[in-house]
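Novice: First the structure, then my questions, so here it is.
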Amino acid sequence: MELKNTSAIVTGGASGLGEATARRLAERGVKVVIADLNDEKGTALAAELGGTFVHCDVTKTEDVIAAIDAATALAPLWNVVNCAGIGWATRTIGKDGEYSSAHDLDLYRKVIEINLVGTFNVCRLAATAMSKNTPDADGARGAIVNTASVAAEDGQIGQVAYSSSKGGVVGLTLPLARDLSVVGIRVNVILPGLIDTPIYGTGPASDEFKARLGQGVLFPKRLGLQDEFATLACELLANSYMNAESIRLDAGIRMQPK
């Protein structure tokens with residue numbers, strides 16, 4: 001599928017995996033809409049890449065439609081990469097045996113709402129807009145790449161909310177691809193492992209911590225690079241025969257319970 005002279009929406013595009021993906025797409029001639037809650041970083045990156053920033057809460061329909069409108073104003077919308085999401089670490093029960101110390105249900109709902117419902121919200125609305133594209137020789141009208149996590153399959157202690165949300169993103173991949181096949185829209189999902197993003201911080205202590213984490217990776221023994229995610233996301237968009245796949249990007253790691 002040709003990427004040049006199309007537009008893309010990258011949710012969570014102001015930093016981390018989303019930023020790296022936005023940069024790679026821009027290099028390939030794509031007009032990128034950065035859909036994020038971080039106005040300062042998003043605006044600066046969009047200006048650098050010649051794209052557009054839209055303040056976007058992926059759980060709000062009106063915000064997502066605004067991002068779609070911004071993309072279609074730049075070029076036909078053929079690409080969506082969903083990177084927006086949050087993490088949370090809490091055990092299911094407390095140490096005192098009290099109901100009040102059990103996992104906060106509102107926090108569980110929040111993680112599901114952003115990571116799973118938000119991802120689907122972007123998919124359903126963007127696919128609606130993409131269905132109006134003029135198809136290429138394959139009958140294609142676009143492609144979607146979602147972001148899950150190896151936690152969907154190797155969830156660790158305290159990750160029940162996060163793993164639930166990311167497992168849902170993996171689970172929707174095949175039926176969503178089947179739903180959208182009628183209009184020629186492909187759907188794939190990446191399950192990143194330990195990727196070096198701003199979440200780990202910077203400085204000597206951070207570097208030491210990341211080096212220890214890297215020793216648990218099969219090979220190569222390091223954290224993944226944001227650009228390694230970005231190049232895979234771009235390949236999944238561009239490769240017309242990649243559809244309905246869940247791909248681990250983890251250098252062979254299998255997460256231990258903790």
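The values are calculated or read from the model by the stated rules, or taken from the named source; none is laboratory data. Owing to the predicted nature of the structure, the values given are computational and were not obtained by experimental measurement. Cβ coordinates were reconstructed from backbone atoms using ideal geometry, including for glycine residues, and neighbour counts include every protein chain displayed.
Novice: Pairs please, first residue from region 161-178 and under 15 Å from E245 (Cα atoms), second anywhere and basic (K, R), Cβ atoms under 8 Å, 6+ apart in sequence or on different chains.
Specialist: Matching pairs, first to second residue: A177/R186.
Novice: If T134 passes every condition in (1) within 18 Å of A8 (Cα to Cα); (2) in contact with a helix residue (DSSP H, G or I) (Cβ under 9 Å, 6 or more places away or on another chain); (3) among the polar types (S, T, N, Q) but one, which one does it miss?
Specialist: The one condition T134 does not meet is (2).
Novice: Somewhere in region 60-68, is a residue part of a loop (DSSP other than H, G, I, E, B) and buried (at least 23 other Cβ atoms within 10 Å of the Cβ)?
Specialist: No - not one qualifying residue is present in region 60-68.
Novice: Now, a different point. Take region 11-30 and flag every residue that is over 17 Å from the mean Cα position of the chain (by Cα) and buried (at least 23 other Cβ atoms within 10 Å of the Cβ).
Specialist: Residue satisfying the conditions is V30 alone.
Novice: Does region 216-241 hold any residues that are within 20 Å of K4 (Cα to Cα) and within 17 Å of the chain's Cα centre (by Cα), and which are they?
Specialist: Selection gives D227, F229, A230, T231, L232, A233, C234, E235, L236, L237, A238.
Novice: Here's something else I'd like to know. Note down all Cβ pairs under 6 Å where the first residue falls in region 243-255 and is among the polar types (S, T, N, Q), the second is modelled with pLDDT of 95 or more and buried (at least 16 other Cβ atoms within 10 Å of the Cβ), and they're at least six residues apart or on different chains.
Specialist: N243/A177; N243/R186; S246/V170; S246/T173; S246/V189
Novice: Please state which one of D250, D179, D196 is surrounded by 13 or more Cβ atoms within 10 Å (Cβ to Cβ), under 28 Å from R109 (Cα atoms), in contact with a helix residue (DSSP H, G or I) (Cβ under 7 Å, 6 or more places away or on another chain) and not small (G, A, S).
Specialist: Matching residue, one of D250, D179, D196: D196.
Novice: Considering only region 131-229, give the helices (runs of 4 or more DSSP H) lying wholly within it that have at least 1 residues that are at pLDDT 95 or above and either of a type in the set (D, E, K, R) or over 18 Å from N239 (Cα atoms) (or both).
Specialist: Counting at least 1 such residues, we get 151-154, 160-180.
Novice: What single numbered condition from (1) touching a residue at least 40 places away in the same chain (Cβ under 8 Å); (2) assigned to a loop (DSSP other than H, G, I, E, B); (3) not small (G, A, S) fails to hold for I93?
Specialist: Unmet condition: (1).
Residue-by-condition table, conditions (1) over 13 Å from the mean Cα position of the chain (by Cα); (2) without any contact (Cβ under 8 Å) to a residue 24 or more places away in the chain:
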site	(1), (2)
I65	yes, no
N79	no, no
N82	no, no
G85	no, no
S100	yes, yes
L107	yes, no
N115	no, no
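Novice: What number of residues in region 221-239 are surrounded by 15 or more Cβ atoms within 10 Å (Cβ to Cβ), within 14 Å of I144 (Cβ to Cβ) and polar (S, T, N, Q)?
Specialist: Adding up the residues that qualify gives 0.
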